[in-house]
Amino acid sequence: MFKNLSVIGVGLMGGSIACKAREQGLAKHIVGVGYPAQALNLQRAESLGVVDQVSYFGETAEAVLAQSDCVIIAVPVGSIEQIFLELKGIWNPDAVYSDVGSTKGSVIQSARNVFGVVPDNFVPVHPIAGAENSGVDAAQLELFTGKRVIITPTENSSAKALLTLRVFWEKLGARVSTMDSDHHDAVLAATCHLPHVLAFSLVRLLDKKDSHDEIFKYAAGGFKDFTRIASSDPGMWLDICMNNKDELIPLIRQINDELEEIAQFLIKGDSESVFKTFSTAKSARQRFLDQCD
């Protein structure tokens with residue numbers, strides 16, 4: 001499918017893309033790209049066979065990227081504008097470019113900031129897949145198998161680039177959907193970003209208590225399941241929350257209202273309202289599970 005695939009940022013996402021692309025024969029040559037400060041992770045990616053070659057900005061990356069026919073940007077969303085600046089002088093109109101950022105409005109704005117308009121061969125993409133671990137050692141061959149991937153085209157996106165990225169992700173095993181970027185950010189704030197904030201907040205709350213050691217010692221499996229995502233990379237989630245704060249802040253306020261309402265039910269001894277609240281939530285979750293089947 002591609003002669004030269006370059007992956008900028010070979011961590012969980014970028015590494016998983018490279019692994020699956022190799023297995024599926026989607027690229028003849030795969031290069032991991034980054035900065036010299038990331039040399040240890042990139043060298044690890046090369047030693048594991050995740051990529052064929054590593055290249056660094058300010059050294060050989062510019063020449064490599066100029067010859068790539070597909071470039072995937074797999075860095076935290078807060079770093080994407082800097083990557084666009086690195087790519088601006090070597091942008092190849094015959095290649096296809098994409099990203100895997102969890103917020104799309106900020107990525108599109110970063111492209112506009114650097115290029116004036118979003119290049120027609122750049123297609124914003126968000127794979128709804130991940131894990132709490134990071135780095136190339138966390139890469140998984142089947143990370144995207146059966147998972148949803150959302151393409152958020154811009155007004156400039158070329159039909160050729162869109163088709164190429166759709167086929168690429170389908171060959172990686174994903175189920176591909178298309179969505180407006182603003183709608184994407186609203187939906188993901190509710191279903192992904194807010195849950196991470198809640199998990200981080202709950203663990204922080206309990207850790208502040210004098211009896212935190214005992215609390216964690218006797219925590220049951222439900223606590224472990226609910227707070228698993230609090231093991232995620234704080235730097236990455238800082239970027240995501242800051243870049244989607246306009247959607248996230250109202251949701252945080254709404255969840256505060258929900259919790260306060262339950263607190264008032266308990267204060268009043270209104271067991272019927274508590275039961276109704278829990279039952280409604282249980283039914284809603286079952287509808288979600290039925291859609292997943």
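Residues that are of a type in the set (Gly, Ala, Ser) and within 23 Å of the chain's Cα centre (by Cα) within the stretch 69-91 comprise Ala74, Gly78, Ser79, listed in sequence order.
Exactly one residue among Asp207, Asp182 is of a type in the set (Asp, Glu), modelled with pLDDT under 95 and farther than 13 Å from Ile151 by Cβ, and that residue is Asp207.
Reported count of residues in the stretch 92-138, each being at pLDDT below 95, closer than 23 Å to His193 by Cα and charged (D, E, K, R), is 1.
Taken over the stretch 1-24, residues that are touching a helix residue (DSSP H, G or I) at 6+ places or on another chain (Cβ under 9 Å), in a helix (DSSP H, G or I) and open to solvent by 10 Å² or more (accessible area, probe 1.4 Å) amount to 2.
When you scan the stretch 188-244, how many residues do you find that are charged (D, E, K, R), more than 17 Å from the chain's Cα centre (by Cα) and either assigned to a helix (DSSP H, G or I) or under 13 Å from Glu132 (Cα atoms) (or both)? Matching residues across the stretch 188-244 total 7. Screening the stretch 25-61 for residues that are part of a loop (DSSP other than H, G, I, E, B) and among the hydrophobic types (A, V, I, L, M, F, W, C) and picking the one that is surrounded by the most Cβ atoms within 10 Å (Cβ to Cβ) gives Val51. Val64 meets each of the listed conditions (1) touching a residue at least 60 places away in the same chain (Cβ under 8 Å); (2) open to solvent by 60 Å² or more (accessible area, probe 1.4 Å); (3) of a type outside the set (Asp, Glu) apart from (2). Of all residues in the stretch 265-278, those that are open to solvent by less than 70 Å² (accessible area, probe 1.4 Å) and either under 21 Å from Leu198 (Cα atoms) or among the aromatic types (Phe, Trp, Tyr) (or both) total 3. Among the residues of the stretch 111-170, those that are within 19 Å of Phe84 (Cβ to Cβ) and assigned to a helix (DSSP H, G or I) comprise Ala111, Arg112, Asn113, Val114, Phe115, Ala161, Leu165.
The values are calculated or read from the model by the stated rules, or taken from the named source; none is laboratory data. This structure is a prediction, so every number in the text was calculated from the model and none was measured. With ideal geometry, Cβ positions are generated from the backbone for all residues, glycine too; neighbour counts draw on all protein chains shown. Accessible surface is based on the protein model in full, side chains and every heavy atom, while ligands, DNA and RNA are left aside. Shrake-Rupley method; radii C 1.70, N 1.55, O 1.52, S 1.80 Å.
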